[in-house]
1. Looking at the chain as a GNM with Cα springs under 10 Å, which of 77, 47, 17 has the largest mean-square fluctuation?
2. Enumerate the whole-percent occupancy of each 10 Å bin, from 0 to the last occupied one, for all C-alpha pair distances of the chain.
3. Relative to the first principal axis of the alpha-carbon coordinates of the chain, what is the inclination of helix 62-74, with its axis defined by its Cα atoms, in degrees from 0 to 90 and to the nearest 10?
4. Relative to the longest principal axis of the C-alpha atoms of the chain, give the angle of the C-alpha long axis of helix 29-40, reported between 0 and 90° and rounded to the nearest 10°.
5. Could you give the length gained by full extension between residue 12 and residue 88, i.e. 0.36 nm per residue of separation minus their alpha carbon distance, to one decimal place?
6. What percent of all Cα-Cα pairs in region 46-86 falls in each 10 Å bin, counting up from 0?
7. When only C-alpha pairs under 8 Å and at least 6 residues apart count, what is the relative contact order of region 13-99, in percent?
8. Report the antiparallel proportion of the DSSP beta bridges in region 13-99 as a percent, rounded to a multiple of 5.
C-alpha cells in the first residue's frame with residue numbers, strides 16, 4: 001500500500017520556478033531548456049530577465065522536474081551555469097514548453 005501512495009504523490013502535477021545565473025544569455029540556454037523540457041514531458045516557459053539571468057517556469061511530476069532541474073544545472077555547451085534558485089510555484093495551464 002505504501003508504494004501506491006508514494007506513486008500517487010510522485011505522479012501528481014506540480015510546478016517549480018527556476019532562476020539560472022551565470023553565462024546563460026546569448027548561448028542558447030532557452031532553446032536548450034525547451035529541448036530538455038520536451039524530451040522529459042515538462043510544460044511551461046522560459047525567458048531572459050533584465051539582470052542577465054534566465055527564468056524558467058516548469059510543470060510536471062516530481063520525477064520529471066528533478067530530471068529537468070539536473071539538465072538546467074548542466075546548461076548548454078557554450079553556457080556556464082553558476083547558480084540555480086528553485087522555488088515551488090503554481091501549476092500553469094499550458095500544454096507545451098514555450099520560449100518567451
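1. The residue that fluctuates most here is 77.
2. Binned Cα distances yield the sequence 17, 50, 24, 7, 2.
3. Value to nearest ten degrees: 20.
4. Between the helix axis and the principal axis of the chain, the angle is about 20 degrees.
5. On the way: separation 76, 0.36 × 76 = 27.36 nm, distance 1.38 nm.
Once the chain is fully extended between residue 12 and residue 88, it gains 26.0 nm.
6. 24, 58, 18, 0
7. Details: 189 pairs, mean separation 42.3, N = 87.
Contact order relative to length: 49 percent.
8. On the way: 22 of 25 bridges.
In region 13-99, approximately 90 percent of DSSP beta bridges are antiparallel ones.
Where a number appears in this text, it was derived from the coordinates with a stated rule and is not lab data. In this text the structure is predicted, and so the values were computed from the model without any measurement.
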